[in-house]
Amino acid sequence: MSLRERVNQPKDTRPWYGELPVESLYTVGIAGEKFLRTLKEKGQFLGTKCDRCRQVYVPPKIYCERCLAKLDDWVKVGSCGTLESWTMVHVGLDGQKLKKPELVALVKLDGASTCIVHKLAGIPVEELHIGMRVCAVLKPKTKREGAITDILHFKPADR
Amino acid sequence: MRAKAGVKQTPEIQYAGTGLSSKDFKEGKILCTRWTADAKYAWDAGIAIGKYLAGFKAGKILGVRCIKCGRTMVPPRAFCEWCFKTVDSWVQLRNTGIVNTFSLCYVTWDVKRVKKPEISAVIEIDGASKGMGIMHLLGEVDPNKVRIGMKVKAIWKPAAEREGAITDIKYWKPY
Amino acid sequence: MSERVAIIGIGATQFRSITPDVSYKELMFEAAVKAYEDAGINPRKDVDTFVTCAEDYIEGTSIFDEYVPDQLGAVLKPMHTIPGEGLHGIATAFLQIKTGRFGIAVVEAHSKASNLMTPDGIAACAQDPVYTRPLRLNSHFIAGLEMNRFCHATGITRDQCGRVVIKNRGNALNNPLAGRAALVSLGDFCSCEPVSCPLTELDIAHPVDGAVVVVLASEAKARALSKNPVWITGVGWCNGSPNLEARDWVAVNYCTRAAEMAFRMAGITAPRNELDFAEIDDTYSYKELQHLSALRFCGPSEAGHWVESGVTTTTGEFPVNPSGGALGMGHMYEATGLARLYCAVEQLRGTAGKAQLKKASRCLVQGWRGVPTASTAVAILST
Amino acid sequence: MGQRVAIVGAGMTKFVRRAQETGKELAFHATRMALDSCEMNLDQIDAVCLGTAPDTFDGVHMKGEYLSDGAGAWGKPYMRCYVGGGTGVFSVIQGWYHIASGLCDTCLVVCEEKMSSYQPHAQAAFLTIFDHTTERPLKPNLLWIFAMEMNRYMTTYGLRKEDIVQVAVKNKRNALDHPCAQIAKAVTAEDILNSEVLAWPVQRLDVSPVSDGAVALVLASESIARKVTDKPVWIEGVGWSLDTAYWTNRDLCYPRYVEEAARMAYTMAGVTDPRHQIHIAEPYDPFDYKELHHMEGLMLCGKGEAPQMTVDGITQRDGELPVCPSGGLLGVGNPIAAAGLMKVAELFWQLRGEAGKRQVSRKVKRGVAQAWGDLMQVGTVVVVGI
């Protein structure tokens, strides 16, 4: 032991309570603004394309993360795609068990090189399989706010 | 790729960066998301600060002493940072001190304007080595009369209200 | 690149689920005193540069490096923070010594995980604020998605992941520092709580408190001070895409690149044959298997067979995490990789006690920064 | 001893109060510009060093990892360094040891800060830099400690506020010539002395504004630098030092940690008489008195002498020792880590004679940049020369 003195009574230990009071407001950025506005107003998914790296970024970026080229080639991608992975989440943000577990999907939209992370619904877990076709279900236009939550969830393409 | 002459910092260069005003947000011209962090902690006070806090509850200011460098230190610590060894003994310091420096602050920590300034100070505690101060507040004093070198004493909360915290001392006032 | 770099001192506290009797400063002080004793140095006189690895949100303090110099003996000395894995800190100290301007460097990392009342809330703050956080998901979901994709693509089974847990928590029984040693069986997985399917409670390395301090030295200093220096023959570190959307969910290429950098430096071409064992990241059970192949020890689907057939046990052909890993010792945030390194050094010195391997002269140590990052660091150690 | 390291490219964004760009996008713009300025591409970069100050500002935990793609770190060795406000200049030191070690030949150094994310005002985030048990319960304000330090400095040396504000007058005027400046406005000493008292002796115009922005540099080893440019700016010396966390136990009248850091850097650079061997300085100036404090710590003048030097006009752009010709944090803005790196970028442009309207009149061959941070505790110093 390197410390000469030790606390040896539980009553003498003392936690001091506190927090990091952080409230933040994040702009969605230059690329995000165009992507989310288009999703809100037209219900369409846009991506940006890097020809050199053969990447179509969805959500889009104003730069290619692989070569750092400035990207301004915007392309439309599909609202359906392939289920790359999924998981059933049983715990909430507070670490407590959720009453209703949530299905989460990783979806590569048609024409995109990258994936969207979102919720999944409309299918029993037993029928889920990686590689299946899924489509985005958007909120009604009037309820859309220009956020990723304008997508309600993904659902199997055939239902 | 040899760039003989560098790029001059002339007005023709277009620098990126789109400045927004708070109006842009209020009027919903800009999309944004919000988040309130759920970041709560229970930091273990440990040996030195635990005893320091217990001292406050008892109405005492405690320091520690290192016999190698001869310093009596406050706030207390389990080790001497200069000698890199454990400290040797606990010392009860006096309830008086000297203003090492101060400020008259007209805004609160979350940037709200106040009329009557909060007077923050570093107070060198009597009984500790010279220059050993703690941060605290001054009270019962005309802000215009506060001076570096001023003698002050601790004004404690009543014993029943003390909880073992730095705020068990309400403030320091000149004597 | 002049001199070689050696580890000449290590110090660690016990790793325990709670440590209410000491503050974080006192915890760090204890590890530091032990490391300096081990190296036979006085930090106030002998150390030229200090590095600490910490993240503000984990500490609950902004600009945490403010609170570090005193308990390490670093006051008024060159000291800075690397908000990274402890092994990033090792790489930093390595770089500094290699400039030829620093003789002795100290690296520290610690965990006061028990002081975090809302660890999941804090972890969520690392998610992308525009595209991920609005979904309001517990960050373990990222591991769940990755595990599912990884197992699907490689054919690795749920049971094989379970065997990693059984092995590592069992190994920890022989490690007196370990905070989470246990005997676990495959049957235990049937009844344990799911977290983010297929990921269960048992697949996760749960946090513990503890601190680790490592003393590094240039070749000249090491030869003068140490009878049993452990040489760092290679370091590597690399980032992949921080974006969940853009990353590769099967092969963790950033890990491969970090390893290749370290292997190149150490002159290693066949890692499996040239190294005796590995201490690697197992923050989640499947991660050990994923990292094993990313580090080029075996093929992508081979890792599952390895753990099943006992290749990676302490008596196997290629022991992995003989210390117990993070699953068995506990996860210590930024100090997790340093805990791996600490145990690896003990092995190379031949002082690992009951955990001592028969053959331990060269090894690899790796750390990953956890979800949602794609950030890893690697070091190659040699006697 | 180690290989020589040069700065070969620089880029920055405008410093603005609230940026629409995400932190990643800001980092990208600065990085892209730095690469373009020396006609290099990302494939030629061996490693990325990133500096950014508290995560609570941007509101992103593990902010370094989050920003990494914008800084060009995909698939590359990448690390973030962090020493509070000292980070901007330290990131250059981090880049320096990456290359001086011989492990890398090129390196990107990128600093970003997006302080506007913090609601309602970034200032409040500073509450959490204080000790959680012995100080935070007093609800301290960041201004407290600076005001207390300023007061101690003024009282110890008998300095006049009228003289100290000349720093803000000079720097805000210098910033009129900076295309990236957030607040380009000439102010008089009277304006400052009549501005709102925040925490006496600190008034509104003594303080630098809160900003968003990013800055990037490209560093290279000697062999690469000579290929890339005719005008490499060499990193001749680096130094850093961190003082005790028990800041109330220190005498705040003098920044000893800056002196320690400067001594380390000067020794490496072979500077024995800084006042004459340093031709241009960019000390850290988040508050006007800090520039003076730091000039003293950098040993560019004696203790308590910096105000007179300023009043005498020596530190003007056309003076004998130009100090903060960029406009500094007071004029250009203070996106913390980015502001520190901006200082090194300014020396790069000044030494190459590319500072445009900001170009100092003297021929300058060696400069020093310095940043400071934590609990008034850390000094980071870089000496560059041609």
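The values are calculated or read from the model by the stated rules, or taken from the named source; none is laboratory data. Computed from a prediction, not measured in an experiment: that's the story for all the values here. Quick reminder, even Gly has a Cβ in these numbers, built from the backbone with ideal geometry, and neighbours come from all protein chains shown. For the accessible areas, the whole protein counts, side chains as well, though only heavy atoms, and no ligand, DNA or RNA atoms are used. Shrake-Rupley method; radii C 1.70, N 1.55, O 1.52, S 1.80 Å.
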Accessible-area loss of at least 50 Å² (1.4 Å probe, chain alone to full protein assembly) applies in segment D:223-254 to D:230, D:240, D:242, D:245, D:246, D:248, D:249
Sort the following peptides by mean Cβ neighbour count (other Cβ atoms within 10 Å, averaged over residues), highest first: D:190-199, B:58-67.
B:58-67, D:190-199
Taking only protein heavy atoms and a 1.4 Å probe, the highest-to-lowest accessible-area order of A:38, D:267 is D:267, A:38
Starting with the highest mean, order B:138-144, D:324-330, B:16-22 by the number of other Cβ atoms within 10 Å, averaged over the residues of each peptide.
D:324-330, B:16-22, B:138-144
Give me the net charge for the shell around residue D:193: Cβ to Cβ below 10 angstrom, other residues only, Lys and Arg +1, Asp and Glu -1.
-3
How much accessible area per residue does segment A:26-156 have, counting only protein heavy atoms and a probe of 1.4 Å, in square angstrom?
42 Å²
Once you have all Cα-Cα distances for segment B:46-174, histogram them in 10 Å bins from zero and send the whole-percent values.
13, 39, 33, 13, 2
Buried solvent-accessible surface, both chains (C, D), 1.4 Å probe, Å² to nearest 100
5200 Å²
Size of electric dipole in the protein assembly as shown: Cβ of Lys, Arg +1 and of Asp, Glu -1, about Cα centre, debye, nearest 20
820 debye
Neighbours of residue C:118 by Cβ distance under 10 Å: Lys/Arg at +1, Asp/Glu at -1, summed charge -3
In vacuo Debye sum over C-alpha of chain C, base-10 log of normalised intensity I(q)/I(0) at q = 0.11, 0.15 Å⁻¹, listed in q order, is -0.70, -1.37
Taking the Cα atoms only, what angle lies between the long axis of helix B:46-57 and the longest principal axis of chain B, rounded to 10 degrees?
70 degrees
Given charges at Cβ of Lys, Arg, Asp, Glu: segment D:37-120 dipole, positive-most of D:77, D:119, D:48:
D:119
Provide, as a two-decimal number, the C-alpha radius of gyration of segment A:1-156 over 2.2 N^0.38 Å, N being how many residues it has.
1.47
Can you give me the angle between helix C:140-154 and the longest principal axis of chain C, using Cα atoms only, in degrees from 0 to 90, rounded to the nearest 10?
70 degrees
Let me confirm one metric for peptide B:72-78, namely the mean number of other chain beta-carbon atoms within 10 Å of its residues' beta-carbons.
5
Report the D-A buried area as the accessible area lost on both sides summed, probe 1.4 Å, in Å² to the nearest 100.
2400 Å²
Choose one of C:110, D:364, A:38: the residue whose Cα lies farthest towards the positive end of the charge dipole of the protein assembly as shown (beta-carbon charges +1 Lys, Arg; -1 Asp, Glu; about the Cα centre).
D:364
Residue C:140 accessible area, nearest 10 Å², 1.4 Å probe?
40 Å²
May I ask what percent, to the nearest 5, of DSSP beta bridges between residues of chain D are antiparallel?
70 percent
Could you please report the charge total around residue A:114, scoring K, R as +1 and D, E as -1 over all other residues with beta-carbon less than 13 angstrom from its beta-carbon?
-1
Which residues does a label at residue A:37 reach in segment A:119-149, if reach means a backbone N under 19 Å from a point 7 Å past the Cα toward the Cβ?
A:141-149
Shape category assigned to segment B:21-69 from the gyration tensor of Cα positions, a/c cut at 1.5:
prolate
Looking at chain B, what % of its DSSP beta bridges pair antiparallel, to the nearest 5?
95 percent
Can you find, among D:274, D:325, D:257, the residue farthest towards the positive end of the dipole of chain D? Put +1 on the C-beta of Lys and Arg, -1 on that of Asp and Glu.
D:325
A convex hull over the alpha carbons of segment C:227-280 yields, per residue, a volume in Å³ of 110 Å³
Enter the mean number of other protein chain beta carbons within 10 Å of the beta carbon of each residue in A:143-151, as an integer.
3
With only Lys, Arg, Asp and Glu charged, each at its Cβ (+1 for the first two, -1 for the last two), find how big the charge dipole of chain A is about the Cα centre; round to the nearest 20 debye.
160 debye
At least 50 Å² accessible surface lost relative to isolated chain, residues of segment C:3-38 (1.4 Å probe)
C:20, C:21, C:25, C:26, C:29, C:30
For chain C, what is the percent of antiparallel DSSP beta bridges, rounded to the nearest 5?
75 percent
So what is the 222 nm mean residue ellipticity for chain B from helices alone, if each DSSP H run of at least 4 adds -39500 (n - 2.57) and you divide by all residues, rounding to the nearest 500 deg cm²/dmol?
-2500 deg cm²/dmol
Extend 7 Å from the Cα of residue A:132 along its Cα-to-C-beta direction; within segment A:78-94, residues with backbone N under 18 Å of that point are A:80-89
As a test of the definition: with a 1.4 Å probe, what buried accessible area, both sides summed, do you compute for A against B, in Å² to the nearest 100?
2600 Å²
From the helices alone, meaning DSSP H stretches of at least four residues, give me the mean residue ellipticity at 222 nm for chain C, per-run term -39500 (n - 2.57), in deg cm²/dmol to the nearest 500.
-10500 deg cm²/dmol
Per the Debye formula with a single identical scatterer at each Cα and no solvent contribution, what log10 I(q)/I(0) holds for segment D:45-109 at q = 0.22 Å⁻¹?
-0.87
Which entries of D:63/D:139; C:45/C:227; A:42/D:76; B:23/B:112; A:42/A:155 have Cα-Cα distances beyond 29 Å here?
A:42/D:76
Not counting ligands, DNA or RNA, and with a 1.4 Å probe, what is residue D:276's accessible surface area in Å² rounded to the nearest 10?
120 Å²
Roughly how many percent of the accessible protein surface of the protein assembly as shown is carbon and sulfur, given a 1.4 Å probe and a whole-percent answer?
50 percent
Relative to the longest principal axis of the C-alpha atoms of chain A, give the angle of the C-alpha long axis of helix A:29-42, reported between 0 and 90° and rounded to the nearest 10°.
60 degrees
Give me the accessible area per residue for chain B, probe 1.4 Å, as a whole number in Å².
45 Å²
Going by the alpha-carbon gyration tensor, a ≥ b ≥ c the square roots of its eigenvalues, is the protein assembly as shown rounded (a/c under 1.5) or, if a/c is not under 1.5, prolate (a/b greater than b/c) versus oblate?
rounded
Across A:113-124, the residue-averaged tally of Cβ atoms belonging to other chains within 10 Å stands at 3
Given a 1.4 Å probe and the protein chains all in place, what does the accessible area of residue B:148 round to, in Å² to the nearest 10?
50 Å²
Treat every Asp and Glu Cβ in chain C as -1 and every Lys and Arg Cβ as +1, leave all other atoms uncharged, and give the resulting dipole magnitude about the Cα centre to the nearest 20 debye.
960 debye
Beta carbons within 10 angstrom, averaged per residue: use that to sort the peptides C:119-130, C:284-295, D:362-373, highest first.
C:284-295, D:362-373, C:119-130
Per residue, how many Å² of accessible area does segment C:181-232 show with a 1.4 Å probe?
39 Å²
